[in-house]
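Peer 1: Below is a structure I'd like to ask you about.
The values are calculated or read from the model by the stated rules, or taken from the named source; none is laboratory data. Keep in mind that what you see is a predicted model, and the values were worked out from it rather than measured. Glycine gets a Cβ as well: all are built from the backbone with ideal geometry, and neighbour counts include every protein chain shown. What goes into the accessible areas is simple: the full protein's heavy atoms, side chains included, and nothing from ligands, DNA or RNA. Shrake-Rupley method; radii C 1.70, N 1.55, O 1.52, S 1.80 Å.
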Amino acid sequence: MPGLWQAHLTFALFAFVVLPGFGLGRLAQGLVLLLLLAVSFVSVDGLSLAAYMRSFTEDVAITTLVALAFFAALRMGLLDAPSHSARVQLLIVMAALALFLYPATMGLSHLDPYQLGYDPRPLIVTVGVLAFGLLLLKNWQGVSMLGLATLAFSLGLKPSPNYWDYLLDPFIALFSCAALIGYAVRVVARKATKASQQLNQPTSL
Amino acid sequence: MAVWFAGSREGAADVQIRGARYDALAAEWGEELVLATRESTQQATRKHIRKLGNPVIALAPDNRLWLFYVSVSIGGWAGSAINTMYSDDFGESWSTPRQLITTPFLNISTLVRNAPVFHRDGTIGLPVYHEFLGKFAEYLYISPTGDVVGKSRISMGTDSLQPTVVPMDEQNAIAMLRYAGVTHHRVLASRTEDAGRTWSKPFPIDPANPNSALAAVATPNHGLLVALNDLEDGRFRLRLMETNSSLELWKPVIDLDESPDPEGNPFSPQAYREIIGDKFRLSSGPRRLSLVDEFLTNLDQRVCKTHGCDFEYEYPYFIRSADGLYHLVYSWNNTFIKHVSFNDAWLMEQL
């Protein structure tokens, strides 16, 4: 478990979040979460199920882990859902970080921003500023995601020495970008509908 | 020691990382050793491992022997990661393999092919390349304990891979790259003047490159020796070339191996067996000479296809050892690893 603690935790939280709740109470949901944690240790051909999942997902970013824990807490009724604006603020921050990192690091640029994560003081300052901004906006989920990622990096909780690996992975990057695009499409569609309704209203001379 | 991957076919689950030790006094290679398997890598990394690929071995100045090799958990070579293990007793025993973390995208798409560079501060410079979405080269900085502590980009885009890096002095180095595009069909080169932190934009140089690997080392007179398929198409001739540090003057040293057909056209199985049998006897060494009949009986689809049988000499790996000898190994018709060694005196005679 110590070496793969994150894989087991990710497996249990991910399975808990994607499985239906079946209208269970808080205690029963807690037991389901513990059961899923136990399932993550089931061994197939010498590898645990959590290790199999990690083979394809790598160790997810701490931000993803915190987001999964947040969704699990929401499911169990331990937290209130964040406001619409808080969700959008966080999506903007994560999508901006993802768009800064991924296209260039995948070979589109001669400069690789992933390098910044090996000597990350400027990056930590930038993330600190973003976290402070979210703190002023009382966006507690965003603050905890960025803050815990930075804390985990300073404690070296993941095998990677690169700060980016604590901040981002493709899952949270794609989720943030897709959710933001979905939000933008809905806003545009709503405005278009509103505009057409106004056009169709009879005008008085 | 030399290392290679071997199995029923490239990408098969039974592919293993194998090696052998060279006895310089007897001028013979020892028995083939298995250094890593899919199972041993899976057990060590606690990840599902689908297949193994390119290995690279190098002896550090502190006499630690480093082995880097590719493994894939999902998909094809684009899903590769690099594993490392080391030996402090010249390959008698090995540390448990560890996986290097090299990219933020699921740690996939980093492969190794050519020799590392050992820096004076103890870090290792490992030339690597990516094959997911694009094809481009990078230079990893690895700590003496085997962690990636930095990286720089040698090239970008979709058409360069498998860099071979030749240090010229403490700050300057030249990288040469396999070209996988459709424009130049020439070897690409890039330079660093700050010990690998930044690299110039790759530019095509004189030798042709049929999208095949090459390997290079520095010579004492500040030049370079390059082993490559200097061809527009095919890998039927492996040539050793010499150039100066400006990469402007190129001179063939020797054709290490080549097809008897100057155009590399295929041969009928009967003619091929006769030619390759003679080539085998010439280069097998006395210890492996007895394998010739078994080799000729088992000539299979690796060399013979419907259009005929091809000669292929490819994937060179080149070092200059501490005693000044040059050692070059390469894949010999997809069935054996061939070793060639020479010294500066022989080289001077050829030039």
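Peer 1: For the range B:162-174, take each phi angle, set θ = phi - 60°, evaluate the Karplus expression 6.51 cos²θ - 1.76 cosθ + 1.60, and give the result in whole Hz per residue in order, putting x for glycine and proline.
Peer 2: Working through the residues one at a time gives 6, x, 10, 10, 10, x, 9, 7, 5, 10, 9, 8, 10 Hz.
Peer 1: Take peptide B:156-162, look around each residue's Cβ out to 10 angstrom, count Cβ atoms belonging to other protein chains, and average those counts.
Peer 2: 2
Peer 1: Right, here's the next one. Quick one: order B:309, A:177 from most to least accessible surface, probe 1.4 Å.
Peer 2: A:177, B:309
Peer 1: Next question. All other residues with a Cβ under 13 Å from the Cβ of residue B:149 taken together, and with Lys, Arg as +1 and Asp, Glu as -1, what is their net charge?
Peer 2: -1
Peer 1: Quick query: amide H of residue B:257 versus all other amide H atoms, modeled in the peptide plane; which residues come in under 5 Å with a sequence gap of 5 or more or a different chain?
Peer 2: Close amide H contacts, sequence-distant or interchain: B:238.
Peer 1: With just the Cα atoms defining each centre, how far is the range B:106-123 from the range B:142-180? Give it in Å.
Peer 2: The range B:106-123 and the range B:142-180 have Cα centres spaced 8 Å from each other.
Peer 1: Turning to a different aspect of this structure: Could you sort B:321, A:83, B:155 by accessible area so the largest value comes first, with the probe set to 1.4 Å?
Peer 2: Ranked list, largest accessible area first: A:83, B:321, B:155.
Peer 1: Let me ask something else. Here is the link list: B:51/B:305; A:158/B:151; B:135/B:279; B:305/B:338; B:51/B:338; B:51/B:201. Which ones come out longer than 28 Å on Cα distance?
Peer 2: Over 28 Å Cα-Cα: B:135/B:279; B:51/B:201.
Peer 1: Out of residues 5 or more away from residue B:149 or on other chains, whose amide H comes under 5 Å of its own, with H placed 1.01 Å from N in the peptide plane?
Peer 2: It is B:141, B:142, B:143, by chain and number.
Peer 1: Accessible surface of residue B:336 in the full protein assembly, 1.4 angstrom probe, to the nearest 10 Å²?
Peer 2: Rounded to the nearest 10, that gives 60 Å².
Peer 1: Add -39500 (n - 2.57) for each DSSP H run of 4 or more in chain B, then divide by its residues: what number comes out at 222 nm, to the nearest 500 deg cm²/dmol?
Peer 2: Calculated from helices alone, the mean residue ellipticity at 222 nm is -3000 deg cm²/dmol.
Peer 1: Ok, one more. Could you go through the range A:38-43 in sequence order and give the Karplus-derived ³J(HN,Hα) for each residue, using 6.51 cos²θ - 1.76 cosθ + 1.60 with θ = phi - 60°, rounded to whole Hz, and x for Gly and Pro?
Peer 2: Residue by residue, the range A:38-43 yields 5, 4, 4, 8, 4, 9 Hz.
Peer 1: Express the carbon and sulfur contribution to the solvent-accessible surface of chain B as a percent, rounded to the nearest whole number, probe 1.4 angstrom.
Peer 2: The nonpolar share, carbon plus sulfur, comes to 51 percent.
Peer 1: Now for a different question. Radius of gyration and Dmax for the protein assembly as shown's Cα atoms, expressed in Å?
Peer 2: Calculated on Cα positions, Rg and Dmax stand at 27.7, 108 Å.
Peer 1: Identify unpaired cysteines across the protein assembly as shown, taking unpaired to mean no other cysteine Cβ lies under 4.7 Å from the residue's Cβ.
Peer 2: If one checks each Cβ against the other cysteines of the protein assembly as shown, A:177 turn up with nothing under 4.7 Å.
Peer 1: Cα centroids of the range A:1-74 and the range A:163-178: how far apart, whole angstrom?
Peer 2: After rounding, the separation between the Cα centres reads 18 Å.
Peer 1: I need the peptides A:118-127, B:341-350 ranked by packing, meaning the mean over residues of other C-beta atoms within 10 angstrom, with the highest value on top.
Peer 2: Listed from highest to lowest mean packing, they are A:118-127, B:341-350.
Peer 1: Using amide H atoms built in the peptide plane, which far-off residues or other-chain residues are under 5 Å from residue A:79 H to H?
Peer 2: Excluding prolines and chain starts, which carry no amide H, the hits are A:74.
Peer 1: Moving on. Dipole of chain A (Lys/Arg Cβ +1, Asp/Glu Cβ -1, origin at the Cα centre): which of A:159, A:145, A:57 lies farthest to the positive side?
Peer 2: Sorting the options by dipole projection puts first A:145.
Peer 1: Further, regarding this structure: I need the phi-derived Karplus couplings for the range B:243-250: 6.51 cos²θ - 1.76 cosθ + 1.60, θ = phi - 60°, integer Hz, Gly and Pro marked x.
Peer 2: Along the range B:243-250, the couplings run 9, 8, 5, 7, 6, 9, 9, 10 Hz.
Peer 1: Just counting partner chain Cβ atoms within 10 Å, what average do the residues of peptide B:97-109 show around their Cβ?
Peer 2: Mean number of neighbouring Cβ atoms from other chains: 6.
Peer 1: What per residue convex hull volume, in Å³, do the alpha-carbon atoms of the range A:104-159 yield?
Peer 2: Given the Cα convex hull of the range A:104-159, per-residue volume reads 105 Å³.
Peer 1: Which order do the peptides B:35-47, A:187-199, A:148-160 come out in when sorted by mean C-beta neighbours inside 10 angstrom, highest first?
Peer 2: B:35-47, A:148-160, A:187-199
Peer 1: Considering the Cα trace of chain A, what is its radius of gyration and what is Dmax, both in angstroms?
Peer 2: 20.3, 81
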